[in-house]
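Please treat every number below as a calculation from the coordinates, not as lab data. Owing to the predicted nature of the structure, the values given are computational and were not obtained by experimental measurement. We place every Cβ from the backbone using ideal geometry, glycine too, and count neighbours over all the protein chains shown.
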Amino acid sequence: MNEHDIAKGLEVWGLQTLLDASILLGILASGLLLAQGYYRGLNRHLSLRVSRELWDLLTVLLPDLILAALFLVGYAVLNPDIMADIKMAVPFYPLATLLFAWAFILRLFKGGHEAGSSAFHRALRLTLIANAINMVGFTFIAEAASEEYLVHHASPVWTYLKTHFRSNADPVGLEVSQGTFYICFPILLLLGAWGVKLALAGMKARQSQD
């Protein structure tokens with residue numbers, strides 16, 4: 001094994017670990033958004049006004065930071081070269097990335113930080129749907145029954161899922177990955193452009209008020 005193989009192996013391991021960790025972070029983000037009543041209960045036990053303000057800031061900021069990380073990880077792995085190297089469930093993971101990005105934009109620019117607002121509930125529903133998609137992809141495709149299991153327990157269902165919806169499965173998985181990229185990547189760019197447009201419109205509105 002030469003240095004190039006070692007470097008490539010470390011790159012694949014790092015990207016795979018980052019992607020798998022992002023799936024868990026997505027579940028955490030939804031959990032944090034669901035725990036609004038818990039936050040209010042703890043807030044009542046804080047005695048200082050400053051500590052309450054910091055607590056309120058933290059409970060708003062932490063889900064946003066996680067959603068931002070999910071968007072960045074999704075963007076990083078949504079390219080043909082990386083999709084061919086690592087084990088992704090396609091089109092499941094890219095679709096979930098789009099939903100997380102949409103939820104992030106709603107929270108940042110559409111009033112989604114207010115727990116009772118319609119934008120908050122739409123963002124929450126988007127994260128829940130995204131997590132459901134990720135969980136199906138992770139459990140039934142990315143971490144489907146192993147080759148060792150299939151040797152002794154042949155299953156056309158598990159074999160079909162592994163060979164058709166894993167991004168690095170040759171040849172069908174690679175074709176599905178390319179098709180997923182052609183559809184999902186432009187949508188991700190459009191969501192990013194929408195977010196930029198909303199941000200610029202918000203800055204312009206604040207300047208006019210000042």
Simple SL model, points at 7 angstrom along Cα→Cβ for Asp56 and Leu34; separation in nm is 2.6
Mean shadow area (nm²) of the C-alpha convex hull around region 125-202 is 6.7
Between His164 and Arg122, Cβ-based FRET efficiency (R0 35 Å, step 0.05) works out to 0.60
hull vol. (C-alpha, convex hull) per residue for region 71-180, Å³ -> 101
Ranked from fewest to most other Cβ atoms within 10 Å of their own Cβ, Val196, Val176, Val77 fall in the order Val196, Val176, Val77
Per the helix-only model, the chain has a calculated mean residue ellipticity at 222 nm (DSSP H runs of ≥4, -39500 (n - 2.57) each, divided over all residues, rounded to the nearest 500) of -27000 deg cm²/dmol
Gln178 and Ser146 label points (each 7 Å along its Cα→Cβ direction) are spaced in nm at 3.3
Count of lysine pairs, region 3-209, Cα-Cα under 25 Å, sep. 8 or more residues or interchain, comes to 5
In Å³ per residue, the alpha-carbon convex hull of region 3-209 encloses 173
Restricting to Cα pairs under 8 Å and 6 or more apart, the percent relative contact order of region 112-210 works out to 12
